[in-house]
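Here the structure comes first, spelled out in structure tokens, and everything after it is commentary.
The values are calculated or read from the model by the stated rules, or taken from the named source; none is laboratory data. All of these numbers come straight from a predicted model, not from anything done at the bench. Backbone-built Cβ (ideal geometry, glycine too); neighbour counts: all protein chains shown.
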Amino acid sequence: MSVYLVTGAAGFIGANYVHRLLEWESSDTEVVAVDYLGFAGNRANLDPVSDRVVFEQADIADPVAMEAIYRRHRPDYVVNFAAESHNDRAILGPSVFMRSNALGAQVMAECSRLVPVRSHVHVSTIEVYGELPEGERWFTEGSPLNAKTPYSAAKAAGDQMVRAYMQTYPELNIRMTHCANNYGPYQLPEKLIPLAVTNLLRGRKVPVYGDGLQSRDWLHVTDHCAAVHRVLHAELDPTPPQAATDPALLPIFDISARHEVTNLDMVHRVVTALGLDPAEWIEHIPDRPNHDRRYLINPEKAETRLGWRPVHDFDTAVAETVGWYVENRAWWERILEEKGELGVDWGAVSPAARRH
Ligand SMILES: NC(=O)c1ccc[n+]([C@@H]2O[C@H](COP(=O)([O-])OP(=O)(O)OC[C@H]3O[C@@H](n4cnc5c(N)ncnc54)[C@H](O)[C@@H]3O)[C@@H](O)[C@H]2O)c1
């Protein structure tokens, strides 16, 4: 029997991972789901598996609480998804992002040092590489971290610490992923696809920041979860000494379907999937400050070393995702009732408000 400790388990990707984990692993697998139920945390995301998981409400940046959880459950495998994840909210209040994404990442690695596990995956994002320079095809694991937004900079700070743990304590089996933008069920309606669907289903237009030509690299959440699971269980060769100067040799894997789509194109797909006319249902609003223009990463290392491949067809999976939000109206209506409207209108946010 194996014990998995999954943090951020009440969020979008963490909940999807817990659901899949219970299908992929044997019935005696124990899953400890950790989440502090912050802004994006939604305990209801775990309802379908509530009888199969032990839920621990805790802050991953609290070393005393986390060490106690490790000692209580003695996990074999740890996946750290917990992070504050929304670029808009990070601009309005960066401090909470630094605590979860940077300090939290270190506390988790430290707990895996104090109470050793078989392997530990730190889940990170494509966004730590910053904006793809003009003329460059994509980022790789060897690209420098060049985060420019408060969200991605806090993630990059956590990544840097996790890299230090990988180099200093290689016996701990700490690994890392950087993933493209995810889509799928259970995503908070502050993010592009669920925001668009939930607006349209309530007869509201979809707001698109600026010209909408910001380009993103999209991957279905289950493909991401499968990649994380492979990284967690991979038999990896020891890290060579050359990794000191070449981060591509560290146990770091970029995860992507090489599927680049502009935000405007993605919103068009959602509008047409609901049988509506994009000319009528999309409105351009002021862009958020410091908005990254383009990302793309090359997943070749994950493909060749781990044999991972995305299996979801983009057009079909986007249409199914839209269908999930149509069918699960009660799920998102409850969120909007509790949290209010989740889109940010940067035209209405004064520079002073951005500082509070
Ligand atoms: N969504 C994407 O497109 C994407 C892409 C690549 C990587 N990632 C990374 O994947 C991870 C999960 O992202 P998501 O989209 O599911 O985010 P999310 O915001 O939907 O969920 C994050 C969860 O973490 C919890 N959390 C935050 N800080 C915590 C803390 N200090 N202690 C305990 N719980 C805490 C929140 O309550 C929430 O339930 C993040 O690390 C994110 O950086 C996301």
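Observations on the model:
- Hey, Leu145 within 14 Å of the ligand (Cβ to nearest atom) and assigned to a loop (DSSP other than H, G, I, E, B) or not: yes
- Some residue of segment 111-120 being among the small types (Gly, Ala, Ser), closer than 25 Å to His233 by Cα, modelled with pLDDT of 95 or more and within 9 Å of the ligand (Cβ to nearest atom): no
- The helices (runs of 4 or more DSSP H) located wholly in segment 1-107 that include 1 or more residues which are within 20 Å of the chain's Cα centre (by Cα), closer than 25 Å to Ile255 by Cβ and more than 9 Å from the ligand (Cβ to nearest atom) occupy 12-24, 87-92, 95-98.
- One residue stands out among those in segment 280-305 that are part of a loop (DSSP other than H, G, I, E, B) and charged (D, E, K, R): the one that is nearest to Arg175 (Cα to Cα), which is Asp292.
- Residue list for segment 64-92, restricted to those being free of Cβ contacts under 8 Å to residues at least 60 places away in the same chain and more than 14 Å from Thr7 (Cα to Cα): Val64, Ala68, Arg71, Arg72
- Residue in segment 241-249 that is under 22 Å from the mean Cα position of the chain (by Cα) and either surrounded by 17 or more Cβ atoms within 10 Å (Cβ to Cβ) or at pLDDT 95 or above (or both) present: yes
- Test result for Leu306, over 19 Å from Ser215 (Cα atoms) and either surrounded by fewer than 16 Cβ atoms within 10 Å (Cβ to Cβ) or touching a residue at least 40 places away in the same chain (Cβ under 8 Å) (or both): yes
- All positions within segment 181-212 that are closer than 13 Å to Trp332 by Cβ and of a type in the set (Ser, Thr, Tyr): Tyr186, Thr198
- Scanning segment 87-113 for residues that are surrounded by fewer than 18 Cβ atoms within 10 Å (Cβ to Cβ) and touching a Phe, Trp or Tyr at 6+ places or on another chain (Cβ under 7 Å) yields one hit, Arg113.
- Positions within segment 66-96 being of a type in the set (A, V, I, L, M, F, W, C) and modelled with pLDDT of 95 or more, in sequence order: Met66, Ala68, Ile69, Val78, Val79, Phe81, Ala82, Ala83
- When Leu213, Leu172, Leu200 are checked against the criterion of being crowded, with 22+ Cβ neighbours inside 10 Å and either away from the ligand (no atom under 14 Å from the Cβ) or on the phi > 0 side of the Ramachandran plot (or both), a single residue qualifies: Leu200.
- Within segment 129-152, at least one residue is touching a residue at least 12 places away in the same chain (Cβ under 8 Å), of a type in the set (Gly, Ala, Ser) and closer than 20 Å to Thr7 by Cα.
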